[in-house]
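Below is one structure; the comments refer to it alone.
The values are calculated or read from the model by the stated rules, or taken from the named source; none is laboratory data. A quick note: this is a predicted structure, and the numbers were derived from the prediction, not measured. Quick reminder, even Gly has a Cβ in these numbers, built from the backbone with ideal geometry, and neighbours come from all protein chains shown.
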Amino acid sequence: MDLKNKVIWITGASSGIGEALAYACAKDGAKLVLSARRENELKRVAASCNIDPKNILILPLDLENTTSVDAKVELVTATFGRIDVLINNSGMGHRTKAVNTSTEIDRKVMEVNFFGTINLTKAVARKMQQQKSGKIAVISSIMGKYGLPLYSTYSASKHALYGYFESLRQELYNDNVKVLIVSPGFINTDVSTKLLTEDGKEYGVKSDSQNKGMSPAACANGIVKAIKSNRDHKFVGGYEIFSVYVKQYFPGIFYKLMRRMTKE
């Protein structure tokens, strides 16, 4: 897929991987729809894309409240005529023991990471079915492949995305709509500082793994390459990606290492 003049909708575009994706897609000549909760940050990112303002639509969106999703999809198609690529990048995490996590926090994480994501996806997918073309990408995580101590609901939400989008891929096959699942490892963003704790407050600490992780720009370049290709799945990251294979072939060693690495 050549991204020049393609209409690409990126959620979570106000920072981190989403911001880097906006720059990478803009560099390839795409028309952009940028969504997140923070409109001021979206305006900053849009200005930094250095493309014609008529080729960028700033569209604030809160995935915890998706009652207006259909209207927003109609706005995008009214503006650009079509949607060629949807990149579901928005998400949130938490860090606390499962038994200490309130049901409210569990539901909040699932609402944003899973339900909000699939609600938007379904609305966009219907447009792509009419077009008989399109690509839907979802940013999951290597924690969609296994669970870790202190990250139970976050891991559950990413597992759910795997199951949903694997199924959706088959359903959309005859409509010429492709589905890509991306599983990043440690990316050097502020995501770990924003993890919700058991009382709903932000964790506020950037992990060493995050600090040593791949840059958002490198991550975005890997994702864009996968979007241009016909891949169904893409791991993006460093050495931590091998943990998926260690878990598959040496589960006893894997669980021992994970308990040691996440020991409080």
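Say whether the condition of being surrounded by 20 or more Cβ atoms within 10 Å (Cβ to Cβ), over 30 Å from S207 (Cα atoms) and hydrophobic (A, V, I, L, M, F, W, C) is met by at least one residue in the stretch 142-151. No. Applying the selection to the stretch 31-44, what residues are without any contact (Cβ under 8 Å) to a residue 40 or more places away in the chain and assigned to a loop (DSSP other than H, G, I, E, B)? Scanning the stretch 31-44 gives R37, R38. Figure legend. Inter-residue proximity from the stretch 194-206: first residues over 18 Å from G91 (Cβ atoms), second residues modelled with pLDDT under 80 and surrounded by 15 or more Cβ atoms within 10 Å (Cβ to Cβ), beta-carbon distance below 8 Å, spacing 6+ or different chains. Indicated pairs: V205/S192.
S15 passes every criterion in (1) in contact (Cβ under 8 Å) with a residue 40 or more places away in the chain; (2) crowded, with 24+ Cβ neighbours inside 10 Å apart from (2).
Restrict the check to the stretch 256-264 and report whether at least one residue is touching a residue at least 12 places away in the same chain (Cβ under 8 Å), within 29 Å of A22 (Cβ to Cβ) and among the polar types (S, T, N, Q). Within the stretch 256-264, not a single residue is touching a residue at least 12 places away in the same chain (Cβ under 8 Å), within 29 Å of A22 (Cβ to Cβ) and among the polar types (S, T, N, Q). In the stretch 201-213 there is no residue that is in contact with a helix residue (DSSP H, G or I) (Cβ under 8 Å, 6 or more places away or on another chain), buried (at least 16 other Cβ atoms within 10 Å of the Cβ) and among the hydrophobic types (A, V, I, L, M, F, W, C).
Yes/no matrix, rows are residues, columns are (1) on the phi < 0 side of the Ramachandran plot; (2) of a type in the set (D, E, K, R); (3) loosely packed, with under 13 Cβ neighbours inside 10 Å; (4) not in a helix (DSSP H, G or I):
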{"residue": "A46", "(1), (2), (3), (4)": "yes, no, no, no"}
{"residue": "I51", "(1), (2), (3), (4)": "yes, no, no, yes"}
{"residue": "A78", "(1), (2), (3), (4)": "yes, no, yes, no"}
{"residue": "I83", "(1), (2), (3), (4)": "yes, no, no, yes"}
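Contact annotation: residue pairs with Cβ atoms under 6 Å, 6 or more positions apart or on different chains, pairing a residue in the stretch 214-226 that is touching a residue at least 60 places away in the same chain (Cβ under 8 Å) with a partner that is of a type outside the set (V, I, T) and part of a helix (DSSP H, G or I), are P216/G16; P216/A20; A217/A20; A220/A20; A220/L21; A220/A24; N221/A24; V224/A24. Confirm whether L195 is crowded, with 16+ Cβ neighbours inside 10 Å and out of contact with any His (no Cβ under 9 Å at 6 or more places or on another chain). So L195 fails the test.
May I ask you to say which residue of R37, R44 is among the basic types (K, R), more than 19 Å from T79 (Cα to Cα) and under 15 Å from the mean Cα position of the chain (by Cα)? Reasoning before the result, please.
Working: R44 fails: under 15 Å from the mean Cα position of the chain (by Cα).
Just one listed residue meets the conditions, R37.
Against the list (1) surrounded by 12 or more Cβ atoms within 10 Å (Cβ to Cβ); (2) at pLDDT 90 or above; (3) among the polar types (S, T, N, Q), the condition Q248 fails is (1).
If you take just the helices (runs of 4 or more DSSP H) that sit entirely in the stretch 128-244, which of them hold at least 2 residues that are within 17 Å of the chain's Cα centre (by Cα)?
Values: elements: 152-172, 208-211, 216-228.
Fully inside the stretch 128-244 and qualifying: 152-172, 216-228.
Take V99 and tell me if it is part of a helix (DSSP H, G or I) and under 15 Å from F165 (Cβ atoms).
On the way: part of a helix (DSSP H, G or I): yes; under 15 Å from F165 (Cβ atoms): no.
For V99, the condition - part of a helix (DSSP H, G or I) and under 15 Å from F165 (Cβ atoms) - is not met.
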